[in-house]
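Okay, structure first, notes after.
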Amino acid sequence: MEKPMRDQLPQRLYFLAICGTAMASLAAMLKQKGYHVYGSDSGVYPPMSDFLAEQKIPVCDGFRVANLDPAPDLVIVGNVISRGNIEIEEILDRHIPYMSLPDALREFCIRGHRSIVVTGTHGKTTTTALLAWLFESAQRSPGFLLGGIPNNFGRGYQVGMGDDFILEGDEYDSAYFDKAPKFLRYLPDIGIINHVEFDHADIYDSLDEIKLAFRRFVNLIPRNGLLVACADHENVLEVSQKAFCPLQTFGFSEAAMWRPLQLQFTPAGARFAVAKEGVVLGEVEAPLSGDHNVRNVLAAIAVAHHAGISFAEIQEGIRTFTGIKRRMELKGSAAGVDVYDDFGHHPTAVAETLAGFRRRYPQKRIWALFEPRCATTRRSLFQQELVTAFRDADGVLIAPVDRPDKAPPGQVLSTEKLADDLRRQGKDAEALPTVEAIRTYLLSRLHSGDAVITFSNGPFGYIHDQLLTALEKQDQGSTLA
């Protein structure tokens, strides 16, 4: 594949809404590649402001016309920007060249490399991080970009020196001027689909629309590429059936090409034998919990094996994988209580995370703290599904719906009804008005040996830090049972 000449690309790159995770990561990558990178955003604050300062990337706090003088060679527009923004209006008036983040990622980082794109409603970040580490630990030096921070790397990106670029393929839209899913811009040579469910209710009206997006993704993979699809989910098989490239499946289904055998869960994680078409290649030990993570591991194994990484190297990479921040991240322990933070917000993600934790620690009492914050869960679409999602929790405390005005009239999730339904199942469940109220309620009921898991796609008022501070004080006073 021919790589673009650097001097053919614009040199002064301006990021409009630079403080998004993916935008900041791409800005840092392009700075590392030698481009002059700068940008603006509204509300520049830590940790992203600290990250950009460490990268020596100038950031203007607030949108102003003056930020565009002198005019940059190219503006990269974040998908949070809409018409009416003072800078985008100036860019359009002055005909300054611009493109979306996915287009910039394709032209500056992906083109000329083998593109490995991990997609799916769930499991994208974990699978992408694990795959990047398998390639890195096998001395492949991949480029990568994902929406989390893998502990093995300490950052969510890498320029890489090898032939491969691995990235998390989001089905969310690209920009105000490009409503196509991001993953349609990434020139996939190898694609993974972990799961397909309804999500992103702010931009998709139905599951059928989401399926269409994934079918279009499959249709981009060339004949000499590869599609790796989960055999356990009917929607995944449906969108994969017309692939023009080879198809490899994974999962617990007996029809899957890649399967786990003799699966065991322990406090250390999952241990299982890996079978390809019935032939056992060997055993792996992954520091991850739950059937969903077993599937994530299998997907990564399938791609790494296809890329020529030996099974011994795969085993070592999985064994030394150290997880991702905000994916069942242990924030700390105090007074005998373990406090975890998880990004889960979709009912399926919450259910699978709790089920995996229960299998790993069957004796622990589990408290789940849930903030309905994303565009889907602030609506009542999953009112009943959320009841089922907390099946493996002993107690559930629910925060108020974040920005309920963003939901259509009459479609706001009822946190009181959710708490009532959970109490009918015998759980200690409450819908409480503030993070402070949740903290106070929980501290009066925690016992040594309990586990607390926070579920939110936002900071959740940093309740995990507040809990740990309070628990440390209680521990000093020996007030926990």
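For the range 162-182, give me each residue that is in contact with a Pro (Cβ under 6 Å, 6 or more places away or on another chain) and either among the hydrophobic types (A, V, I, L, M, F, W, C) or in a loop (DSSP other than H, G, I, E, B) (or both). Give the steps one after another, and end with the answer.
First pass over the range 162-182, keeping only residues in contact with a Pro (Cβ under 6 Å, 6 or more places away or on another chain): 162, 164, 166, 171, 174, 182.
Correct list: GLY162, ILE166, GLU171.
Rundown of residues vs (1) at positive phi; (2) under 25 Å from the mean Cα position of the chain (by Cα); (3) hydrophobic (A, V, I, L, M, F, W, C); (4) crowded, with 23+ Cβ neighbours inside 10 Å, yes/no style:
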| residue | (1), (2), (3), (4) |
| --- | --- |
| GLN262 | yes, no, no, no |
| ALA270 | no, yes, yes, yes |
| ALA275 | no, no, yes, no |
| GLY278 | yes, no, no, no |
| GLU285 | no, yes, no, no |
| ARG319 | no, yes, no, no |
Kindly establish whether PHE135 is aromatic (Phe, Trp, Tyr), more than 25 Å from GLU234 (Cβ to Cβ), crowded, with 19+ Cβ neighbours inside 10 Å and in the same structural domain as VAL284 (by TED's automatic domain parsing).
yes
Kindly provide the set of residues from the range 308-324 that are more than 25 Å from ALA351 (Cβ to Cβ) and touching a strand residue (DSSP E or B) at 6+ places or on another chain (Cβ under 7 Å), ordered by number.
PHE311, GLN315, ARG319
Looking only at the range 171-207, which residues are within 15 Å of the chain's Cα centre (by Cα) and at pLDDT 90 or above?
LYS182, PHE183, ILE192, ILE193, ASN194, HIS195, VAL196
Looking at the structure I just gave you, is ALA104 closer than 17 Å to ALA17 by Cβ and buried (at least 22 other Cβ atoms within 10 Å of the Cβ)?
yes
Wholly within the range 56-161, which strands (runs of 3 or more DSSP E) include no fewer than the required count, namely at least 1 residues that are aromatic (Phe, Trp, Tyr)?
98-100, 143-145
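Residues are listed down the side, and each one gets a yes or a no for (1) closer than 20 Å to LEU146 by Cβ; (2) at pLDDT below 95; (3) among the hydrophobic types (A, V, I, L, M, F, W, C):
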{"residue": "SER42", "(1), (2), (3)": "no, yes, no"}
{"residue": "TYR45", "(1), (2), (3)": "no, yes, no"}
{"residue": "GLU54", "(1), (2), (3)": "yes, yes, no"}
{"residue": "ASP69", "(1), (2), (3)": "no, no, no"}
{"residue": "ASP73", "(1), (2), (3)": "no, no, no"}
{"residue": "VAL80", "(1), (2), (3)": "yes, yes, yes"}
Could you check the range 228-247 and list, in sequence order, the residues that are of a type outside the set (Gly, Ala, Ser) and either crowded, with 21+ Cβ neighbours inside 10 Å or farther than 19 Å from ARG114 by Cα (or both)?
VAL228, CYS230, ASP232, HIS233, GLU234, ASN235, VAL236, LEU237, GLU238, VAL239, GLN241, LYS242
Of the residues ALA180, ALA175, which is of a type in the set (A, V, I, L, M, F, W, C), surrounded by fewer than 17 Cβ atoms within 10 Å (Cβ to Cβ) and within 23 Å of LEU101 (Cα to Cα)?
ALA180
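Taking the stated definitions as given, is ARG327 in a helix (DSSP H, G or I), basic (Lys, Arg) and touching a Gly at 6+ places or on another chain (Cβ under 8 Å)?
Working: in a helix (DSSP H, G or I): no; basic (Lys, Arg): yes; touching a Gly at 6+ places or on another chain (Cβ under 8 Å): yes.
Criteria not met by ARG327.
Which of the residues belonging to the range 358-378 are part of a strand (DSSP E or B) and either buried (at least 21 other Cβ atoms within 10 Å of the Cβ) or not assigned by TED's automatic domain parsing to the domain that holds THR454 (or both)? It would help to see each step written out before you state the result.
So in the range 358-378, the residues part of a strand (DSSP E or B) come out as 366-370.
Answer for the range 358-378, where residues must be part of a strand (DSSP E or B) and either buried (at least 21 other Cβ atoms within 10 Å of the Cβ) or not assigned by TED's automatic domain parsing to the domain that holds THR454 (or both): TRP367, ALA368, LEU369, PHE370.
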Return the residues of the range 31-52 that are surrounded by 22 or more Cβ atoms within 10 Å (Cβ to Cβ) and in a helix (DSSP H, G or I); say none if nothing qualifies.
LEU52
When ILE18 is evaluated against the numbered criteria (1) surrounded by 21 or more Cβ atoms within 10 Å (Cβ to Cβ); (2) part of a helix (DSSP H, G or I); (3) touching an Asp or Glu at 6+ places or on another chain (Cβ under 7 Å), which criterion, by number, is the only one it fails?
(2)
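Here are ALA355, ALA312: which of them is over 30 Å from GLN384 (Cα atoms), part of a helix (DSSP H, G or I) and of a type in the set (Gly, Ala, Ser)?
On the way: ALA355 fails: over 30 Å from GLN384 (Cα atoms).
Answer to the selection: ALA312.
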Report whether or not VAL350 is part of a helix (DSSP H, G or I), touching a residue at least 60 places away in the same chain (Cβ under 8 Å), in contact with a Gly (Cβ under 8 Å, 6 or more places away or on another chain) and not hydroxyl-bearing (Ser, Thr, Tyr).
yes
Take the conditions surrounded by fewer than 13 Cβ atoms within 10 Å (Cβ to Cβ) and outside the structural domain of GLY20 (by TED's automatic domain parsing) and apply them to SER414. Does it pass?
no
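The values are calculated or read from the model by the stated rules, or taken from the named source; none is laboratory data. Predicted, not measured: the structure shown is a model, and the values here were computed from it. So basically every Cβ, Gly included, is an ideal-geometry build from the backbone, and we count neighbours across all protein chains shown.
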